[in-house]
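See structure below.
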Amino acid sequence: MAVEAVASPSRIAPRTAVLAYLAVVGVVLLLMMIFGLTMRLTQAQWIDVPPDLFYVILTMHGAGMVGVAGIAGAAVMWHFVRRHVPVSTGVFVANLVFFLIGAVLILGSGFIGGFAAAWTFLFPLPAHSGGLWSINAAAAYLLGLIVIGVGFLLFHLDVARGILSVYGSLGKALGAPQAFGLAPEKEGPPPAVAAATMVCIVNILGILLGAAVLVISLVNLYVPSFAFNALAAKNMIYFFGHVFINATIYMAVIAVYEILPLYTHRAWKTNRAFYLAWVLSTVFVLIVYPHHLLMDFAMPTWALVLGQIISWLSGLPVLLVTAFGALTNVYRSGLKWDTASGLVFIGVAGWAIGVIPAIADGTIAINSVMHNTQWVPGHFHTYLLLGMMAMLLGFMTYIAGPRSLYGVAPTGLWLFLVGGAIFVLAFLSAGSSSVPRRYAVHLPAWLPYDRIGAIGASLVVAGTLLLVGRFLAVLRKAAQEPDGAP
Ligand code: HEM
């Protein structure tokens, strides 16, 4: 079912709004990458950053990257889903404004207030700084996250409203009747609608729980007697964090469903397996988060066993139908590769490859060795940097029109790919040698990994600079043109 999108009246054109999102994403992404490179150069002992500043940078990098991945995913999802359901440009723009206000609060909490409790703000750590930051700095950080959360909640509620107005129920929009053989496959929703429905369901739940624990932590800062069960808080934080960051991939993957077919001139096949995968992933992504708590002895055993078993299954359904779908879509299609199609394809590969070390880490016997080693940033940087962000950069290149595809763009792609591979392999090999994560100061034996990682990171930053720079250079003209379909 496809309907003509009924855009809400707004003074900002939808395409301008998407381009504004992407411009913000490009700038914030580069800034956060420079923070990441700074950390890698510090660990490599090529530059000297004091540990207290290192942890501020670690906190800003974590929060900033997760936030910008969310904003990037929202841009991709909104751009494609509004072809099928009515959504509000005003709400979409409001989300970006909330993000910018929240980002200023968070950067201020870190670089002015010294807040450095990591992006995961584990209760009650924000209130126990050991004299490194004030209560107000911690409050600014938590408030920044709450403001960003409000924006995202409005955004998802608006998309869900649009979906319900066309499909009548979230189940139908997800393709549940097709998944269970209750309705003909050909009557199922388009891929963008199924994916957006899944993202709305899981993110609305995740953001509500995240907001609850943020408000509790905020009150606790000023009224310490208002205590909360730390294990319950950790469960809520990881439920929110896991759902939110995973949803960024499920939003970005819409770019693959929409862009590759333009190059291959073959529609993306939606069948029963496709819809079943999205239904299963909706459930799995909500119940898999205990794999972040495998070392918490106070957790009930059944929850940890659930975390392990669902870890083996969680990402797989959608990943398999997407990877298989991408390969069959491309195979013998005669498509001409360029920067946009190359990047979205790399995104599928990066996602698929990154999931393998993640599944290993979700296994209790392996986690007891690998937990809190650099194996962890190794796997998540693989599917977030070479997966999610590659899809985003592909979308950015595609939407800016043909001008953004050439010039320095192909060089940017290769630097991003080669640098990214070196960067994540350095983390993974350091992790397999038990190098701990989140250490500002590294032992001499760890330096070779850090130095190779820093070289890889420099190439990634250079490649991203070329891709984003090219996008920003053609932005003005791109606002007046259609998407860069081949
Ligand atoms: C040039 C690209 C990047 C570089 C150089 C970089 C570098 C780093 C470094 C050095 C760390 C700390 C590792 C440790 O624990 O020892 C880190 C952590 C992290 N990075 Fe990145 N990163 C990059 C891209 C990304 C992207 C694209 C994302 C997400 C979309 C991301 C999300 C995170 C998160 C969530 C953490 C964990 C922070 C924490 O432990 O509290 N990074 N990164």
Computed over the range 250-321, protein heavy atoms only, probe 1.4 angstrom, the accessible area per residue in square angstrom equals 41 Å²
Please report the accessible area of W119 (heavy atoms, 1.4 Å probe, ligands and nucleic acids excluded) in Å², nearest 10. 60 Å²
What accessible surface, in Å², does a 1.4 Å probe find on R272, ignoring ligands, DNA and RNA and rounding to the nearest 10? 120 Å²
The range 1-135: relative contact order from alpha carbon pairs under 8 Å, six or more residues apart, as a whole percent, is 38 percent
So how exposed is Y439, as accessible area in Å² (1.4 Å probe, rounded to 10)? 110 Å²
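List the relative contact order of the range 313-447 as a percent without decimals, with contacts defined as Cα pairs under 8 Å and 6+ residues apart. Please list the in-between numbers first.
Working: 147 pairs, mean separation 42.7, N = 135.
Worked out over the range 313-447, it gives 32 percent.
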Straight distance only, please: which aspartates and glutamates reach the Cα of K234 with their own Cα at less than 13 Å, same-chain residues fewer than 8 apart left out? D296
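Tell me, in nm to one decimal, what length is gained between W414 and A94 on full extension, where the rule is 0.36 nm per residue of separation less the Cα-Cα distance?
Values: separation 320, 0.36 × 320 = 115.20 nm, distance 3.53 nm.
Here the segment from W414 to A94 would lengthen by 111.7 nm.
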Note on the chain: helices (DSSP H) long enough, at least 27 Å by alpha carbon along their axis, and hydrophobic enough, mean Kyte-Doolittle at least 0.5, are 14-43, 51-81, 89-111, 135-167, 191-222, 230-264, 339-361, 409-432, 447-478
Using Cα-Cα distances under 8 Å and only pairs 6 or more residues apart, what relative contact order does the range 14-479 have, in percent? 17 percent
For K336, list the lysines whose Cα falls under 24 Å from its own Cα; do not include residues on the same chain fewer than 8 positions away. K269
Taking the Cα centre of the range 14-479 as origin, sum charge times position over the Cβ atoms of Lys and Arg (+1) and Asp and Glu (-1), and report the length of that vector in debye to the nearest 20. 1080 debye
Relative packing of peptides 49-55, 410-416 - highest average C-beta neighbours within 10 Å first: 410-416, 49-55
Is the range 14-479 best put as rounded, prolate or oblate by its Cα gyration tensor, with a ≥ b ≥ c the root eigenvalues, rounded for a/c under 1.5, and otherwise prolate when a/b is larger than b/c, oblate when not? rounded
Share of the range 14-479's accessible area from carbon and sulfur, percent, 1.4 Å? 74 percent
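The values are calculated or read from the model by the stated rules, or taken from the named source; none is laboratory data. Remember, predicted model here, so these are calculated numbers, not experimental data. Please note: Cβ atoms are built from the backbone with ideal geometry, for glycine as well, and neighbour counts cover all protein chains shown. With ligands, DNA and RNA removed, areas are computed over all heavy atoms of the protein, side chains included. Shrake-Rupley method; radii C 1.70, N 1.55, O 1.52, S 1.80 Å.
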